[in-house]
Amino acid sequence: MWKKIFILALVFSLKAGVANAQDKAGDLAIVVSKNRALDNVTSDELTKIFRAEKPKGSDGVRFVLIAREPGAAERAAALAGIYKTSEDDYSKYFLQATFTGLVSSAPRPFSSPAALRQFVSGTPGAIGYLRGSDVDDSVKIVKVDGHAPGDADYPLKIK
């Protein structure tokens, strides 16, 4: 009898783990270096950070903005959910921000999740985004509005 209960519990926990991983796959995770003192941001703060309107964190470390390359689903989700703009307007914004001295350049684009993850893990101040299923223990996920990827109310979704 106990053996059957144990097996059922194991099956349900495995299904829950698979469902959570699938939930995260559709979420856009905000990632920073593991030693960064940034655990939670509001949606408004996140937009200001990624638009270079908030250049430093509360720890005094300057943000290093990174992104996925144009055409990546993660970038489209970031444009919609973080920047709240189109690809063309994003390019115009960063061209103007570079011209006025707000930033030295647009966020550096990465062509693969692994390269982006490696850069974030090794660069103090780096902040970027990945598909939730592409996150590993080399980086830290930042909660948005108190929610983590996989939570029902997490605001950043990949379509």
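Where a number appears in this text, it was derived from the coordinates with a stated rule and is not lab data. The structure displayed is predicted, hence computed values, not measured ones. Don't worry about glycine lacking a Cβ; one is built from the backbone with ideal geometry, like all the others, and counts go over all protein chains shown.
The order of the peptides 38-44, 65-71 by mean Cβ neighbours within 10 Å, most packed first, is 65-71, 38-44. Each of K34 and L95 was given a label point 7 Å from its Cα along the Cα-to-Cβ line. The distance between the two points is 4.1 nm. Backbone amide hydrogens, once placed in the peptide plane, bring R131 within less than 5 Å of A29, excluding anything fewer than 5 places away on its chain. Pop a pseudo-label 7 angstrom from the Cα along the beta-carbon direction at both Q118 and A80 and give the gap in nm to one decimal. So the two model labels end up 3.0 nm from each other.
The share of alpha-carbon pairs in segment 103-158 lying farther apart than 13 Å comes to 62%.
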